1. Please verify whether the stretch 126-145 includes one or more residues that are closer than 18 Å to GLY32 by Cβ, open to solvent by 20 Å² or more (accessible area, probe 1.4 Å), more than 15 Å from the ligand (Cβ to nearest atom) and at pLDDT 95 or above.
2. Quick check on the stretch 84-105. Is at least one of its residues open to solvent by less than 40 Å² (accessible area, probe 1.4 Å), near the ligand (Cβ under 10 Å from one of its atoms), within 13 Å of the chain's Cα centre (by Cα) and over 22 Å from TYR145 (Cβ atoms)?
3. Just to check your reading of the model, which residue among ASP50, ASP94 is part of a loop (DSSP other than H, G, I, E, B), within 26 Å of GLY165 (Cα to Cα) and in contact (Cβ under 8 Å) with a residue 24 or more places away in the chain?
4. Within the bounds of the stretch 47-59, is there any residue that is open to solvent by 70 Å² or more (accessible area, probe 1.4 Å) and of a type outside the set (Lys, Arg)?
5. Sort through LEU113, LEU63 and tell me the only one that's within 16 Å of the ligand (Cβ to nearest atom), on the phi < 0 side of the Ramachandran plot and either of a type outside the set (D, E, K, R) or open to solvent by 60 Å² or more (accessible area, probe 1.4 Å) (or both).
6. Hey, among VAL31, VAL41, VAL27, which residue is more than 9 Å from the ligand (Cβ to nearest atom), among the β-branched types (Val, Ile, Thr) and within 22 Å of ALA150 (Cα to Cα)?
7. Is it the case, given these coordinates, that ASP75 is within 14 Å of the chain's Cα centre (by Cα) and open to solvent by 60 Å² or more (accessible area, probe 1.4 Å)?
8. Name the pairs whose Cβ atoms lie under 9 Å apart, with the first residue in the stretch 16-29 and loosely packed, with under 14 Cβ neighbours inside 10 Å, the second among the aliphatic types (A, V, I, L, M) and in a loop (DSSP other than H, G, I, E, B), and 6 or more positions between them or separate chains?
Amino acid sequence: REGDLDELRREALACVRCPLSATRTTVVFGVGDPAADLLFVGEGPGRDEDLAGEPFVGRSGKLLDRLMAEELGIDRRSCYIANVVKCRPPQNRDPRPDEMAACRGFLDRQIELIAPRVIVSLGNVATRALLATSEGIRRVRGRVYPYGSAQLVPTYHPAAALRYGGAGVAGQGVDLGRAD
Ligand code: URA
């Protein structure tokens, strides 16, 4: 399946299925172990990721790396990290429904090939896309949902913790989207 994932990556790198392809610097396909048990799904590349071609390498990524190390004792090479959209939305706006739809085949195929046991969706955009819900992360987190043969665990996006801190994410009325 590593070969299949490589082929899918090559396909993604050439993708022009949506307008984000016109403004991207790089396609941010995903990183990690193609046979990982654990898959993190974020929203989409930010500025740092667009430049580096790797997901979660900016401020959110540093926090994600730290939480993986401290809470789970793992690093990004032993899991897999991907995003709902593979190209950066300008100004880090939320990806649009048509952009997510155009890109969805890549994520679906990644999930199929990696066949993780646990999928952690980070924040509203990834959670809503994977759970096919309009509920917010605050409502759906803290529970486990079946996702094919995997278990889906929705949680806050690391950018939410950076923006609002521990009190903020537990508080009311905040937007738990993405920031760099
Ligand atoms: N935020 C995301 O959702 N994904 C990234 O890759 C980086 C920041």
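The values are calculated or read from the model by the stated rules, or taken from the named source; none is laboratory data. The structure presented is a predicted model; accordingly, all values stated were derived computationally and were not measured. No Cβ is skipped: glycine too gets one built from the backbone with ideal geometry, and neighbour counts run over all protein chains shown. Note: areas computed on protein heavy atoms with side chains; ligands, DNA, RNA excluded. Shrake-Rupley method; radii C 1.70, N 1.55, O 1.52, S 1.80 Å.
1. Step one: of the stretch 126-145, the residues closer than 18 Å to GLY32 by Cβ are 126, 130.
Cutting the leftovers down to open to solvent by 20 Å² or more (accessible area, probe 1.4 Å) gives us none.
The answer is no, given that none of the residues of the stretch 126-145 is closer than 18 Å to GLY32 by Cβ, open to solvent by 20 Å² or more (accessible area, probe 1.4 Å), more than 15 Å from the ligand (Cβ to nearest atom) and at pLDDT 95 or above.
2. yes
3. Numbers: ASP50 fails: part of a loop (DSSP other than H, G, I, E, B).
Answer to the check: ASP94.
4. To start, the set of residues in the stretch 47-59 that are open to solvent by 70 Å² or more (accessible area, probe 1.4 Å) comprises 47, 51, 59.
From the residues that got through so far, the ones that are of a type outside the set (Lys, Arg) too are 51.
Yes, the conditions are met somewhere in the stretch 47-59.
5. Details: LEU113 fails: within 16 Å of the ligand (Cβ to nearest atom).
Exactly one residue qualifies, and that residue is LEU63.
6. On the way: VAL41 fails: more than 9 Å from the ligand (Cβ to nearest atom); VAL27 fails: within 22 Å of ALA150 (Cα to Cα).
Result of the check over VAL31, VAL41, VAL27: VAL31.
7. Working: within 14 Å of the chain's Cα centre (by Cα): no; open to solvent by 60 Å² or more (accessible area, probe 1.4 Å): yes.
Here the answer is no, as ASP75 does not meet what is asked.
8. Here the result reads ALA22/VAL16, each pair linking the stretch 16-29 to a residue that is among the aliphatic types (A, V, I, L, M) and in a loop (DSSP other than H, G, I, E, B).
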